[in-house]
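Peer 1: Please find one structure pasted underneath; my questions will follow.
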Number of protein chains: 2
Amino acid sequence: MSIIVQKYGGTSVGSIERIQAVADRVIATRDKGNQVVVVVSAMSGETNRLISLANQIDKKLSSREMDVLISTGEQVTIALLTMALQQKGATAKSYTGSQIKMLTDNVHSKARIIDIQCENIKTDLDAGNIIVVAGFQGVDELGNITTLGRGGSDTTAVAMAAALNAKECQIYTDVDGVYTTDPRVEPKARKLDQITFEEMLEMASLGSKVLQIRAVEFAGKYNVPLRVLSSFEEGEGAGTLITTEDDEMEQAVISGIAFNRDEAQLTISGVPDQPGVASEILGPITKANIEIDMIVQNVGEDGTTDFTFTVHRNDYAAAIDLLEATGKKLGAKKVKGNDAIVKISLVGVGMRSHAGIASSMFAALAKEAINILMISTSEIKISVVVDEKYLELGVRALHSEFGLEQKTT
Amino acid sequence: MSIIVQKYGGTSVGSIERIQAVADRVIATRDKGNQVVVVVSAMSGETNRLISLANQIDKKLSSREMDVLISTGEQVTIALLTMALQQKGATAKSYTGSQIKMLTDNVHSKARIIDIQCENIKTDLDAGNIIVVAGFQGVDELGNITTLGRGGSDTTAVAMAAALNAKECQIYTDVDGVYTTDPRVEPKARKLDQITFEEMLEMASLGSKVLQIRAVEFAGKYNVPLRVLSSFEEGEGAGTLITTEDDEMEQAVISGIAFNRDEAQLTISGVPDQPGVASEILGPITKANIEIDMIVQNVGEDGTTDFTFTVHRNDYAAAIDLLEATGKKLGAKKVKGNDAIVKISLVGVGMRSHAGIASSMFAALAKEAINILMISTSEIKISVVVDEKYLELGVRALHSEFGLEQKTT
C-alpha cells in the first residue's frame with residue numbers, strides 16, 4: 001500500500017465543521033487504498049491568541065517558553081481531528097512532535113529537523129490507523145520543545161513523507177496550485193500541472209508564496225513528490241505537482257514569471273578595484289542582519305569599480321546609512337539608492353537547453369520602453385530590476401512573449 | 001537549601017494578572033532561601049473550553065485523544081508562568097508531564113503515578129532555576145499522554161515533593177485551611193493549625209473537599225508535609241499543616257466534624273443469615289458501578305438478618321431497583337429506602353486513647369431529640385446517619401459538645 005502524507009493549514013482546520021470536512025477527505029483518501037498520515041497546523045487564530053497572552057507578560061520573551069506555549073496549538077488540532085476521524089468510524093491515532101521524536105536542533109522558534117523515528121508510525125499504519133501528526137513542532141536532544149518557525153508544518157509534512165518514503169506529499173492551501181505568474185497581475189496566468197523543485201524554489205523565493213521554501217528544499221533533497229492543491233479539490237491529479245525533472249514533463253522553456261515588490265537597490269561607485277573590497281562593502285550590511293538579494297559588480301574607470309546590490313525595502317534606510325559610512329572609509333565617488341524598484345524574474349529549467357532567452361526577454365521589455373536597471377542570471381532564472389511603475393506592464397509583456405497563457409503540448 | 005513545592009489551581013492562574021501575582025509569591029518564597037518547584041493547573045475555564053470543542057465532535061470520545069487535548073491547558077500555564085517569572089528577573093524553566101517523565105499507568109483520564117525521574121529538575125534547581133511543572137498530566141510507558149483526573153494537580157505536587165524530598169508541599173486554594181467543620185453550617189468553626197493525614201483522609205472523604213483524597217493518601221504514604229492555604233496568605237506557618245502525628249501536635253480528642261449531604265440509605269430485612277448473603281446483596285450494586293459507603297448488618301429474628309447500606313443519592317433510584325430484585329430472589333421480608341438522610345462524622349486520632357466518645361456523641365444528639373438511623377465506627381471516626389433536616393442542628397450540637405470552637409492548649 002502507498003503512503004500519502006496530507007498537510008492542512010490553520011484555515012482548513014479553523015473550526016469543528018472544517019475539521020470534520022478534513023476528516024471526510026482523509027477517509028476518502030484512505031478508502032482509495034492508501035495509508036494516510038495527516039499533518040495539521042493550529043486552528044486559525046489560536047497561535048495569535050497564545051502569542052497575545054504571552055505579550056501581556058513581556059514583549060521579548062524566552063523562546064524556549066514561547067515554543068512550549070504555542071506548540072499547544074497543534075496539539076489541540078491533532079486531538080480534535082483524531083476524534084473526528086474516530087467519530088466517522090476510522091481508527092486513528094495522534095502524535096505530538098515529541099511523540100514522533102521529530103528531532104531538531106535547539107534553535108527555538110526556528111529549529112531545523114535532524115531526524116524522525118518512524119517505526120511506531122509504520123506499525124500503527126500497518127495496523128490500519130490513520131496517523132495525525134502535529135506540524136511545526138519537534139524536540140531537541142534534551143527533550144525541550146522546539147518549533148520550526150512560520151510555515152513549519154509544510155516542512156513537517158515533507159519530512160514525514162521523506163521518512164516514510166511516501167508516494168506523495170499533498171499540501172492543502174487556499175490556492176489551487178502554482179501559476180505561471182500572479183493572476184492578480186496577469187489575469188491570463190495559467191495553473192501549472194507540474195513544475196520542478198528548482199523552479200519552485202526560484203518561484204517561491206521570488207514572491208510566489210505558495211509554499212515554505214524550506215519545505216521545497218527538503219522535498220527536493222529527499223525527492224518527495226509534492227502536490228500543492230486547494231482544500232476544495234480532490235487529491236491526486238489536482239493542483240500542481242512539484243517533482244524532479246523528467247522526460248514526460250511538459251517541456252516549456254519558461255515555467256513562470258516571479259516578481260518581488262519589496263526590493264530596494266543600493267549602489268556604491270568609484271571604489272578601488274582590489275581584492276577584499278566586496279567584503280568590505282557587504283560585511284557591515286550582513287553584520288546588521290540585513291539580507292542581501294542580488295549583487296552585481298561592474299568594472300568602472302581608472303582602476304575603480306561600481307558595486308550594486310538589493311535588500312528588502314524595510315532595510316533600505318539602515319543599509320544606505322551603513323553604505324555611506326563605508327563609502328567615506330573607502331573614498332568612494334558616490335553612494336546612491338533607490339527604493340522604488342521591483343525585481344521581475346523569468347524561471348524555467350528549459351533555459352538550460354535554449355539559447356537566446358535573455359535577449360528575447362530584454363527585447364520584450366524594450367518594446368514597452370521599460371528601462372532595465374540591473375540584471376542577474378542563474379542557470380534557470382533571469383532577473384531584472386526595473387522601476388516599480390513598470391511591474392504589471394513588464395510581467396504581462398513577458399507572459400505574452402513566452403506564451404505562458406497556452407499550455408505547451 | 002530546602003525545596004518547597006507549591007501548587008496553584010486554575011483560579012489562582014486564571015488570568016495574566018493572577019499569574020503575575022503567583023510569580024511574585026514564588027519569587028518571595030525563593031528569596032527566603034528555598035528552592036522552589038511550582039505545579040500549576042490549566043487556567044480556569046480552559047479545560048471546559050477544550051472539552052466543549054471535543055463535545056461538538058462527539059459525546060463519547062477516545063480517552064487517549066481527550067488526554068492529548070486537555071493536557072494542553074496546563075502546558076499553556078507553565079509557559080506563561082515561566083515567562084512571568086523571567087520577566088520579573090528570576091531564572092525559571094518549565095516542564096510538561098512528559099518532560100519530567102511523570103510515568104503513569106495507561107488508564108487515560110484517571111491515570112496513577114508510578115514514578116518520576118527528578119535528576120534533571122535537581123540539576124536545574126541547583127543551577128538556580130525555579131521549576132514550573134504542568135500538573136495533572138503524565139505519560140505511560142509507551143509515551144502516550146495521560147491525565148490524572150480531576151484534582152490531579154494536587155497529586156502531581158505531592159508526588160514531586162515526595163520525589164524531591166521537599167520540606168513542604170503547599171497547596172494554594174480558595175480556602176485558608178481545614179476547619180473543624182464547614183463554617184457555613186457552624187459559624188463558630190475554627191481553622192486547624194495541624195491535622196494528621198489519617199484525619200484529613202476521613203475529613204476529605206466525608207465531604208470537606210479541600211484536597212483531593214489521592215493527594216492526601218500519597219502525602220501520607222511518603223510522609224510529605226502538606227500545607228493547605230489561601231492564595232492570599234503567606235507561605236510557611238499559614239493555613240493548615242497536614243502531617244504525621246507527633247508529640248508536639250495539639251492533642252485534641254476530636255479534630256473536626258465532617259458531614260455528607262449526598263447519601264441515601266437502603267435496607268433489606270429478613271434475609272437468610274447464611275454465608276454469602278452479603279455478597280449476593282451487594283454484588284449487583286457494585287457491578288452496576290454504584291459505590292457503596294457505609295454498610296451495617298444486624299442479626300434479625302428467626303435466623304434472618306437485616307442489612308443496611310448507603311449510596312450516593314444520585315444512585316438511589318438504580319440501587320433500590322436492584323435491591324428489590326435481589327429481595328425477591330432471596331425471599332426477603334422487606335426492602336426499603338430513604339434518600340432524605342445525611343451522614344455526620346466525628347473525626348479525631350485522639351479517639352484511640354479516649355473512651356466514651358461515642359456515648360458523648362449519642363447523648364449530645366439525643367439532647368436535641370435527633371434520632372440516629374445508622375451507626376458506623378472506625379479507629380478515628382464515628383459516623384451516624386440522621387434525617388437530613390437535622391444536619392445543621394446535629395453538627396452544631398457536636399461542635400459545641402466537643403469544644404471545637406476553642407483551641408486546645
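Peer 1: Has segment B:311-323 got at least one residue that is under 20 Å from B:A258 (Cα atoms), within 31 Å of the chain's Cα centre (by Cα) and touching a residue at least 60 places away in the same chain (Cβ under 8 Å)?
Peer 2: no
Peer 1: Just wondering, is there one or more residues in segment A:126-146 that are more than 14 Å from chain B (Cβ to nearest Cβ), surrounded by 16 or more Cβ atoms within 10 Å (Cβ to Cβ) and among the hydroxyl-bearing types (S, T, Y)?
Peer 2: There is no residue in segment A:126-146 that is more than 14 Å from chain B (Cβ to nearest Cβ), surrounded by 16 or more Cβ atoms within 10 Å (Cβ to Cβ) and among the hydroxyl-bearing types (S, T, Y).
Matching residues to (1) closer than 26 Å to B:E392 by Cα; (2) in a helix (DSSP H, G or I); (3) not hydroxyl-bearing (S, T, Y):
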| position | (1), (2), (3) |
| --- | --- |
| B:R150 | no, no, yes |
| B:D154 | no, yes, yes |
| B:Q170 | no, no, yes |
| B:P183 | yes, no, yes |
| B:E199 | yes, yes, yes |
| B:A204 | yes, yes, yes |
| B:G220 | no, yes, yes |
| B:R227 | no, no, yes |
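Peer 1: Pairs only if they're at least six apart or on different chains, beta carbon under 8 angstrom, first in segment B:23-42 and surrounded by fewer than 24 Cβ atoms within 10 Å (Cβ to Cβ), second among the basic types (K, R); list them, first residue then second.
Peer 2: B:D24/B:K88; B:I27/B:K88; B:N34/B:K167
Peer 1: Is there a residue being surrounded by fewer than 24 Cβ atoms within 10 Å (Cβ to Cβ), within 25 Å of B:R25 (Cα to Cα) and not hydrophobic (A, V, I, L, M, F, W, C) anywhere in segment B:63-74?
Peer 2: No, that holds for no residue.
Peer 1: Every residue in segment A:351-409 that is in a helix (DSSP H, G or I), basic (K, R) and buried (at least 16 other Cβ atoms within 10 Å of the Cβ), please.
Peer 2: We begin by selecting, within segment A:351-409, every residue in a helix (DSSP H, G or I); these are A:351-353, A:357-367, A:388-401.
Remaining after also requiring basic (K, R): A:352, A:367, A:389, A:396.
The answer is A:R396, and nothing else.
Peer 1: Turning to a different aspect of this structure: Just wondering, is there one or more residues in segment A:385-393 that are out of contact with any His (no Cβ under 6 Å at 6 or more places or on another chain) and under 30 Å from A:G276 (Cα atoms)? Please lay out each step first, then the result.
Peer 2: We begin by selecting, within segment A:385-393, every residue out of contact with any His (no Cβ under 6 Å at 6 or more places or on another chain); these are A:385-393.
Still in the running and under 30 Å from A:G276 (Cα atoms): A:385-386.
So far as segment A:385-393 goes, yes, one or more of its residues are out of contact with any His (no Cβ under 6 Å at 6 or more places or on another chain) and under 30 Å from A:G276 (Cα atoms).
Peer 1: Does B:T156 satisfy the criteria of being crowded, with 24+ Cβ neighbours inside 10 Å, modelled with pLDDT of 90 or more and not hydrophobic (A, V, I, L, M, F, W, C)? Before the answer, list the steps.
Peer 2: Details: crowded, with 24+ Cβ neighbours inside 10 Å: yes; modelled with pLDDT of 90 or more: yes; not hydrophobic (A, V, I, L, M, F, W, C): yes.
For B:T156, the condition - crowded, with 24+ Cβ neighbours inside 10 Å, modelled with pLDDT of 90 or more and not hydrophobic (A, V, I, L, M, F, W, C) - is met.
Peer 1: Another question about this same structure. Take the conditions surrounded by fewer than 24 Cβ atoms within 10 Å (Cβ to Cβ), without any contact (Cβ under 8 Å) to a residue 40 or more places away in the chain, farther than 20 Å from A:Q6 by Cα and among the polar types (S, T, N, Q) and apply them to A:Q86. Does it pass?
Peer 2: Details: surrounded by fewer than 24 Cβ atoms within 10 Å (Cβ to Cβ): yes; without any contact (Cβ under 8 Å) to a residue 40 or more places away in the chain: yes; farther than 20 Å from A:Q6 by Cα: no; among the polar types (S, T, N, Q): yes.
The answer is no for A:Q86.
Peer 1: May I ask you to verify whether A:G239 is at pLDDT below 85 and touching a Lys or Arg at 6+ places or on another chain (Cβ under 9 Å)?
Peer 2: Details: at pLDDT below 85: no; touching a Lys or Arg at 6+ places or on another chain (Cβ under 9 Å): yes.
Against the criterion (at pLDDT below 85 and touching a Lys or Arg at 6+ places or on another chain (Cβ under 9 Å)), A:G239 does not qualify.
Peer 1: Same structure again: From B:G276, B:G270, B:G331, grab the single residue that is in contact with a Pro (Cβ under 9 Å, 6 or more places away or on another chain) and more than 28 Å from B:I357 (Cβ to Cβ). Walk me through it before giving the result.
Peer 2: Numbers: B:G276 fails: in contact with a Pro (Cβ under 9 Å, 6 or more places away or on another chain); B:G270 fails: in contact with a Pro (Cβ under 9 Å, 6 or more places away or on another chain).
Being in contact with a Pro (Cβ under 9 Å, 6 or more places away or on another chain) and more than 28 Å from B:I357 (Cβ to Cβ) holds for just one of B:G276, B:G270, B:G331, which is B:G331.
Peer 1: Of all the strands (runs of 3 or more DSSP E) wholly in segment B:1-120, which have at least 1 residues that are within 14 Å of chain A (Cβ to nearest Cβ) and at negative phi?
Peer 2: Working: elements: B:2-8, B:34-40, B:92-95, B:102-104, B:113-116.
Counting at least 1 such residues, we get B:34-40, B:92-95, B:102-104.
Peer 1: Report yes if A:V210 is part of a loop (DSSP other than H, G, I, E, B), touching a residue at least 40 places away in the same chain (Cβ under 8 Å) and in the same structural domain as A:S44 (by TED's automatic domain parsing), otherwise no. Walk me through how you get there before you give the answer.
Peer 2: Values: part of a loop (DSSP other than H, G, I, E, B): yes; touching a residue at least 40 places away in the same chain (Cβ under 8 Å): no; in the same structural domain as A:S44 (by TED's automatic domain parsing): yes.
For A:V210, the condition - part of a loop (DSSP other than H, G, I, E, B), touching a residue at least 40 places away in the same chain (Cβ under 8 Å) and in the same structural domain as A:S44 (by TED's automatic domain parsing) - is not met.
Peer 1: On to the next question. Given the criterion at pLDDT 90 or above and among the charged types (D, E, K, R), identify the matching residue among B:K407, B:K328. Steps first, answer last, please.
Peer 2: Details: B:K407 fails: at pLDDT 90 or above.
Among B:K407, B:K328, only B:K328 is at pLDDT 90 or above and among the charged types (D, E, K, R).
The values are calculated or read from the model by the stated rules, or taken from the named source; none is laboratory data. As the structure is a computational prediction, the values presented were derived from the model and not from experiment. No Cβ is skipped: glycine too gets one built from the backbone with ideal geometry, and neighbour counts run over all protein chains shown.
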